[in-house]
1. Does P142 qualify as being within 18 Å of A53 (Cβ to Cβ) and touching a residue at least 24 places away in the same chain (Cβ under 8 Å)?
2. For the stretch 106-118, give me each residue that is exposed (fewer than 15 other Cβ atoms within 10 Å of the Cβ) and assigned to a helix (DSSP H, G or I).
3. Based on this model, can you work out whether V103 counts as hydrophobic (A, V, I, L, M, F, W, C), outside any loop (DSSP other than H, G, I, E, B), at pLDDT 95 or above and on the phi < 0 side of the Ramachandran plot?
4. Which members of the stretch 181-209 meet the condition of being in a strand (DSSP E or B) and farther than 21 Å from A270 by Cα?
5. Regarding E263, is this residue in contact with an Asp or Glu (Cβ under 8 Å, 6 or more places away or on another chain) and at pLDDT 95 or above?
6. Under 6 Å by Cβ, and 6 or more places apart or on different chains, what pairs join a residue from the stretch 1-29 that is under 17 Å from S80 (Cα atoms) and part of a strand (DSSP E or B) with one that is modelled with pLDDT under 95 and of a type in the set (A, V, I, L, M)?
7. Taking the stretch 223-253 only, how many residues are out of contact with any helix residue (DSSP H, G or I) (no Cβ under 7 Å at 6 or more places or on another chain) and surrounded by 23 or more Cβ atoms within 10 Å (Cβ to Cβ)?
8. Looking at A221, A168, which one is part of a strand (DSSP E or B), at pLDDT 95 or above and touching an Asp or Glu at 6+ places or on another chain (Cβ under 8 Å)?
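The values are calculated or read from the model by the stated rules, or taken from the named source; none is laboratory data. It should be emphasised that the depicted structure is a prediction, and the values quoted were computed from it without experimental measurement. Note that we place each Cβ from the backbone using ideal geometry, even for glycine, and neighbour counts take in every protein chain shown.
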Amino acid sequence: MHARQIATTPVTVTELGFGASTIGNLYRETADADAAAAVDAAWDAGIRYFDTAPHYGLGLSERRLGTALAARPREQYVVSSKVGRLLVPNERPQGRDTEGFAVPDDLRRQWDFSRDGVLRSLEQTLQRTGWDRIDVVYLHDPDEHWREAADEAMPTLAELRDQGVIGAIGAGMNQSAMLARFLRETDADVVMLAGRYTLLDQSALDDVLPTAAERHKSVVAVGVFNSGLLSQPQPTEGMKYDYHDAAPDQVARAQAIARACEEHGTTLPAAAIAFPFTHPAVVNVTLGMCTPDHVARNVELYRSSVPDSLWADLRVQGLIRSDVPAGG
């Protein structure tokens, strides 16, 4: 599997990454055996970049990923996790987590982008995973916490990076404007961009992508299916777009793109995975996977041939922006 370097850092990631939110029981329970088998299947397919976070299943994703990778040579893979949501005891548990994960709520999330919060979060992640280091650390959804994230959390991560404790640092968000600020105004090396450079939304071309290119920094793309609307060859009504039911015009546009994909000998989900790589700042696409079947499908889609002529055709039809790079 092809790999790319996170610019200005020693960290190299495979183009396809394993998103471990789903093995944190996102939306539904996943058996321990299935989670472990998914990681094994990803490894066998050549995936060497694995992303997790304390938020995912209140630590379950980190524990499962650490266990699944424990027997692998540590120098052969790259892991990323996140800070900003510190896990603390829940004084008033109701039985189940209320933020989308099918896990008990014996812990709760506490926003904390302070220096102490970052250090405590990293220490807890190392304890849960059993790793001796984390290669990439992102600030997790700091939308409402810019000042503390920029003034305390990022300098703390930069200090650890400069000491060689972390390989690369950045932020991960569902918006692009603030990610561009992190690239311009802080020591961030890389950002994890969710859903803002896809076949249905190229708003990152207005800010984070040109900023990354100008400053020789990198972008990891996630949410490339926009919550599901781009995940099937034939989009239909009732599918999700950015966590909500897709509007009729969104479904119609996805269907038009799907028809163009067929005409160019490919499929909509394969094109959705290939599309972010049209921009030179993008080094990786990470997808959620929780079973070996999910892994096999995603790897097959990643390896599918998607001709650059598709992007040109979509530009001519007005289905993607005219300033989308040519790819290649």
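1. yes
2. Across the stretch 106-118, the qualifying residue is only D116.
3. no
4. Of everything in the stretch 181-209, those that are in a strand (DSSP E or B) and farther than 21 Å from A270 by Cα turn out to be V190, V191.
5. Taking the combined requirement at face value, the residue satisfies it.
6. T14/M1
7. Number satisfying all stated conditions: 3.
8. A168
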